[in-house]
Amino acid sequence: MANIASKRIKREFKEIMKSEEVAGGAIRLQLVNDNWTELKGEIAGPSDTPYEGGTFVLEIKVPETYPFNPPKIRFVTKIWHPNVSSVTGAICLDILKDQWAAALTLRTVLLSLQALLSAAEPNDPQDAVVAKQFRENPHLFNLTARHWTNVYAGGPNAIWEFNQKVQRLLDMGIDEHQARVALSTYDWELERATEQLFS
Amino acid sequence: MAETSEARPSASAPGGDAGGEEDKHDERMLECNICLDTARDAVVSMCGHLFCWPCLHQWLETRPSRQVCPVCKAAISRDKVIPLYGRGNTKQEDPRNKVPPRPAGQRTEPENNSGFPGFGFGEGFHMSFGIGAFPFGVFTSTFNFGDPRPSAAPRGTAQYEEEQFLSKIFLWVAILFVLWLIFA
């Protein structure tokens with residue numbers, strides 16, 4: 001790994017450990033391997049959002065050319081958000097692409113991702129299905145995001161009705177995550193979701 | 001007098017306690033915004049952000065089409081950064097000889113305002129002869145007195161290179177013209 005990249009990551013790592021965000025539990029950072037090319041990030045779901053109470057794990061890959069090129073980041077924890085793919089966890093955020101600047105750090109990127117959870121950008125979506133629901137049925141979007149946070153990120157708010165519907169599909173022998181995706185996609189209408197799953 | 005002697009010990013006491021902290025803070029003030037290390041071959045952008053020249057150079061090379069400040073995203077370019085020469089930096093070697101070279105500091109010579117120097121053919125006397133197209137005049141000549149030509153741009157700058165390039169072009173045009181006159 002290029003010298004400047006590993007040197008900078010080491011420096012950032014030290015600083016992030018001392019930062020008040022880590023002390024306050026808003027973000028966390030862990031090493032995955034010894035050569036500083038891969039890290040595991042964690043952000044707490046911001047309060048007053050459907051993600052509140054959840055912990056979201058991120059995969060961070062540091063390229064050779066860091067900090068001249070952005071780190072590659074995706075959500076490992078499944079999340080229902082217009083700017084994050086519900087399938088792959090890929091993130092649509094300008095600073096991780098063409099708006100990257102070399103003075104940004106892993107700390108500022110993690111904080112930006114946390115801010116993205118409180119302020120979605122449905123006009124520049126990563127997941128078209130989620131973005132459509134966000135625009136056309138905000139109430140249902142909120143419930144769905146809360147449900148996903150509860151199931152995948154350890155959030156405290158279970159949605160009883162949704163759990164029932166997932167259970168119904170489970171009883172039909174369908175994979176749990178597949179059932180949840182189908183139901184979320186078809187606005188929790190059991191019939192349409194079933195139809196799609198068996199078509 | 002009584003006031004100053006009283007104020008001094010009280011002012012120095014907190015300063016002495018926070019000495020270590022302050023030193024650390026001062027050091028961080030001089031960190032490059034890209035490598036986060038103390039800036040070496042430091043340059044500062046017009047928006048006031050400090051970088052190592054090698055770091056900033058690499059950043060500008062990475063995206064030549066979108067040259068922005070890594071901190072505040074103001075437009076920056078190679079020609080618009082200022083090198084910082086500290087007093088402690090007494091190395092003999094010229095930092096510009098390093099690869100990639102750091103842009104040179106720019107300084108302009110003061111205007112030379114000497115008036116018409118009488119008939120002494122000193123500075124400020126220029127004479128040139130030229131040959132024009134036949135019916136319009138065989139010889140054209142120009143005399144310039146006491147009109148100082150703008151001083152040549154300092155070596156190494158873009159302007160200097162441009163001037164060299166232009167003078168070469170004019171030289172070749174003149175040679176071709178003379179050849180054409182002889183052989184046509």
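The values are calculated or read from the model by the stated rules, or taken from the named source; none is laboratory data. Keep in mind that what you see is a predicted model, and the values were worked out from it rather than measured. We place every Cβ from the backbone using ideal geometry, glycine too, and count neighbours over all the protein chains shown. Note: areas computed on protein heavy atoms with side chains; ligands, DNA, RNA excluded. Shrake-Rupley method; radii C 1.70, N 1.55, O 1.52, S 1.80 Å.
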The stretch A:90-111, subset surrounded by fewer than 18 Cβ atoms within 10 Å (Cβ to Cβ) and away from chain B (no Cβ under 14 Å), residue nearest to the chain's Cα centre (by Cα) | A:90
Limited to the stretch A:157-185, what total is found for residues that are under 24 Å from residue A:89 (Cα atoms), polar (S, T, N, Q) and open to solvent by 70 Å² or more (accessible area, probe 1.4 Å)?
-> 1
Would you call residue A:73 under 27 Å from residue B:74 (Cβ atoms), more than 14 Å from every other protein chain (Cβ to nearest Cβ) and at pLDDT 95 or above?
-> yes
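Taking the stated definitions as given, is residue A:125 buried (at least 20 other Cβ atoms within 10 Å of the Cβ) and within 14 Å of chain B (Cβ to nearest Cβ)? Spell out how you get there, then give the answer.
Working: buried (at least 20 other Cβ atoms within 10 Å of the Cβ): yes; within 14 Å of chain B (Cβ to nearest Cβ): no.
Spelling it out, it is not the case that residue A:125 is buried (at least 20 other Cβ atoms within 10 Å of the Cβ) and within 14 Å of chain B (Cβ to nearest Cβ).
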Go through (1) buried (at least 20 other Cβ atoms within 10 Å of the Cβ); (2) more than 25 Å from residue A:19 (Cβ to Cβ) one by one and return the number of the condition residue A:41 breaks.
-> (2)
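Of the residues A:130, A:87, only one is open to solvent by less than 10 Å² (accessible area, probe 1.4 Å), more than 21 Å from residue A:21 (Cα to Cα) and more than 10 Å from the chain's Cα centre (by Cα); which?
Details: A:87 fails: open to solvent by less than 10 Å² (accessible area, probe 1.4 Å).
The match here is A:130.
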Does the stretch B:32-72 hold any residues that are under 19 Å from the mean Cα position of the chain (by Cα), among the aliphatic types (A, V, I, L, M) and assigned to a strand (DSSP E or B), and which are they?
-> B:42, B:43, B:44, B:50
Selection count, the stretch B:29-70, where residues are in contact with a strand residue (DSSP E or B) (Cβ under 9 Å, 6 or more places away or on another chain), without any contact (Cβ under 8 Å) to a residue 12 or more places away in the chain and facing another protein chain (nearest Cβ under 9 Å) = 1
